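Each remark here refers to the structure printed beneath this line.
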Amino acid sequence: MARSPQPPGRRGTPEYVEGAGEDEIAALTYLALALEERQGDARRTDLRQRSRLAYIEGSEAESRRSQGRGLTGEELARVIGRF
């Protein structure tokens, strides 16, 4: 069993991953693959979040360039809905 070295968030509990196999090497191999997969998930989530923010920032910049003002709340909701 492995525990995340990252401190848990507020009221969070540490994340655990278990590995099982025929012997110790197989269990450690499974555990390493499981941890790599979770790290990849975190990277994809981070990339999606940065992409979303860049899209919104680009829309805001385009609004300022073309209309001389930032997005209104309604316009921002439409931009987010399109993303």
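The values are calculated or read from the model by the stated rules, or taken from the named source; none is laboratory data. Bear in mind the structure is a predicted one, so any value in this text is a computation, not a measurement. Glycine also receives a Cβ, built like all others from the backbone with ideal geometry; neighbour counts cover every protein chain displayed. Surface areas here come from the heavy atoms of the whole protein model, side chains and all, with no ligands, DNA or RNA. Shrake-Rupley method; radii C 1.70, N 1.55, O 1.52, S 1.80 Å.
Do we find that ARG69 is assigned to a helix (DSSP H, G or I) and of a type in the set (Lys, Arg) in this structure? Against the criterion (assigned to a helix (DSSP H, G or I) and of a type in the set (Lys, Arg)), ARG69 does not qualify.
Would you point out the residue of region 18-57, among those that are free of Cβ contacts under 8 Å to residues at least 12 places away in the same chain and in contact with a helix residue (DSSP H, G or I) (Cβ under 9 Å, 6 or more places away or on another chain), that is farthest from GLU74 (Cα to Cα)? Ranking the qualifying residues of region 18-57, first place goes to GLY21.
Working only within region 27-62, note down all residues that are touching a Gly at 6+ places or on another chain (Cβ under 6 Å), among the small types (Gly, Ala, Ser) and either open to solvent by 90 Å² or more (accessible area, probe 1.4 Å) or at pLDDT 80 or above (or both). Within region 27-62, none qualify.
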